[in-house]
Amino acid sequence: MADFSKLTVKGTRHASDAYGQHVLEVNDPHSLVQAAGYLKHLCALNGENVYFRGQATTYPSLSPTLLRGISSKQSAQAGRKAAMNRFIKEVVDGSPIFKRFNKIAHEPLLQHYGLQTTWLDIVDNIWVALWFAVHRAHVSGKSAQYLHFERRNPFDDKEHHAFILLVATDAQPTVVPGFLKGLTTETVDLRVCAPSIFLRPHAQHGLLFRMRGNGIIRPVDYSSQVRGIIRIGLRNALRWLGDAPTLSTHGLFPPPFYDHGYKILLDGAFKPDSKIGSIFLVGA
């Protein structure tokens with residue numbers, strides 16, 4: 001399996017995170033891009049695509065929102081999945097736009113707008129991933145429907161690093177454009193599967209993936225797909241990103257005035273559910 005263990009690049013060093021996981025610490029933006037390209041190339045030789053996930057810290061597991069805090073038993077997953085499927089049906093029945101693109105994209109698209117599902121967000125742009133790594137998401141409301149982001153402060157943040165996970169997915173295409181499916185994973189590229197009337201995934205270069213598991217039982221931990229972890233000093237990460245408007249909350253989470261798909265979802269007034277979340281109301 002491809003990893004960073006044998007990589008030697010100027011401006012990097014090998015280290016461990018708080019859980020003993022191997023990380024590659026990167027000290028300049030060229031080394032960041034080179035390290036990411038290294039794994040993309042090696043994994044491609046093994047039939048895998050590599051995408052990015054930015055985080056303010058690392059964890060010993062990697063679970064989709066719907067499956068967090070529960071076991072892998074069918075009974076534990078059934079209730080949440082049933083509630084999620086009811087919500088998706090309500091949205092699709094009430095929004096004709098969903099009938100214009102393949103249903104495989106329905107669940108991951110709604111995940112991108114706030115619903116808790118079996119899919120996990122990843123991006124195909126390392127700078128977008130880094131943006132998520134240097135911001136903290138805060139939610140409130142009975143169904144955690146109110147969301148806003150705060151830029152991390154390197155002087156008072158307890159974690160002085162930003163992390164980018166390099167996540168591998170099966171690269172085999174299907175007859176549905178933008179949908180890839182292999183023995184281990186399924187991946188939906190929302191830039192292809194969903195029309196750009198839903199602007200947010202296009203702004204974020206957004207994809208989602210999930211592990212297939214056996215039958216209807218899906219693993220609750222997707223960390224086996226992580227091929228490498230890059231660690232960047234928080235002050236460096238903030239400096240590299242700068243203040244470009246394209247890499248801001250306004251740019252990555254376009255308001256409904258610009259994102260007409262988001263407006264459709266908000267106008268639908270779909271009832272939040274404490275088990276599965278809701279459509280996020282994103283604030284400044």
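Rule-based calculations on the coordinates, nothing more; no lab input. Keep in mind it's a predicted model, so treat the numbers as computed, not measured. All Cβ positions, glycine included, derive from the backbone under ideal geometry; neighbour counts span all protein chains shown.
Using the Cα centre of the chain as origin and beta-carbon charges of +1 (Lys, Arg) and -1 (Asp, Glu), tell me which of 118, 4, 149 is placed farthest towards the positive end of the dipole. Comparing the listed Cα positions along the dipole, 118 ranks first.
The alpha-carbon of residue 181 sits under 27 angstrom from the alpha-carbons of these lysines, leaving out residues fewer than 8 places away in its chain: 40, 73, 81, 89, 99, 103. Listed peptides 148-154, 272-278, 184-190 appear in the order 184-190, 272-278, 148-154 once ranked by packing, highest mean of other Cβ atoms within 10 Å at the front. Here is the result for segment 1-105: no GluC sites (Glu not before Pro) lie in DSSP coil with at most 16 other C-beta atoms within 10 angstrom of their C-beta.
Span-like helix criteria (full DSSP H runs; alpha carbon extent of at least 24 Å along the helix axis; mean Kyte-Doolittle hydropathy of at least 0.5) are satisfied in the chain by 29-45.
For segment 12-283, the equivalent ellipsoid derived from the Cα gyration tensor has semi-axes of 29, 22, 19 Å, listed largest first. Across all Cα pairs in segment 184-224, the calculated P(r) in 10 Å bins from zero up to the longest distance comes to 28, 38, 28, 7 percent per bin. Relative contact order of segment 12-283, taken over Cα pairs closer than 8 Å and 6 or more residues apart, is 28 percent. Taking the Cα centre of the chain as reference, the dipole from Cβ charges on Lys and Arg (+1) and Asp and Glu (-1) amounts to some 480 debye.
Other residues within the sphere of radius under 14 Å centred on the Cβ of residue 167, judged by their own Cβ, net out at -4 (K and R +1, D and E -1).
The chymotrypsin sites (Phe, Trp or Tyr not before Pro) of segment 1-91 meeting both criteria, a DSSP state outside H, G, I, E and B (loop) and at most 12 other C-beta atoms within 10 angstrom of the site's C-beta, are 19. Mind jotting down the distance between the C-alpha centroids of segment 32-63 and segment 152-171, whole Å? Value for the Cα centre distance between the two parts: 12 Å. A helix-only calculation puts the chain at -8000 deg cm²/dmol for mean residue ellipticity at 222 nm, using -39500 (n - 2.57) for each DSSP H run of at least four residues, averaged over all residues. Available extension along the chain between residue 174 and residue 196 is 5.8 nm, counting 0.36 nm per residue and deducting the alpha carbon span. By the rule of a C-alpha distance below 29 Å, with chain neighbours fewer than 8 residues away ignored, the lysines paired with residue 158 are 10, 142.
The Rg/Rh ratio for segment 161-284, using Cα coordinates for both the radius of gyration and the Kirkwood hydrodynamic radius, is 1.00.
Relative contact order of segment 126-224, taken over Cα pairs closer than 8 Å and 6 or more residues apart, is 16 percent. Remark: segment 151-230 is approximated by an ellipsoid whose semi-axes, taken from the C-alpha gyration tensor as √(5λ), come to 28, 20, 11 Å, largest first. Counting Cα-Cα pairs of segment 1-97 in 10 Å increments starting at 0 gives whole-percent bin shares of 12, 28, 25, 20, 13, 1. Ordering 127, 247, 59 by the projection of their Cα atoms onto the charge dipole of segment 12-283, which places +1 on the Cβ of Lys and Arg and -1 on the Cβ of Asp and Glu, puts 59 at the extreme positive end.
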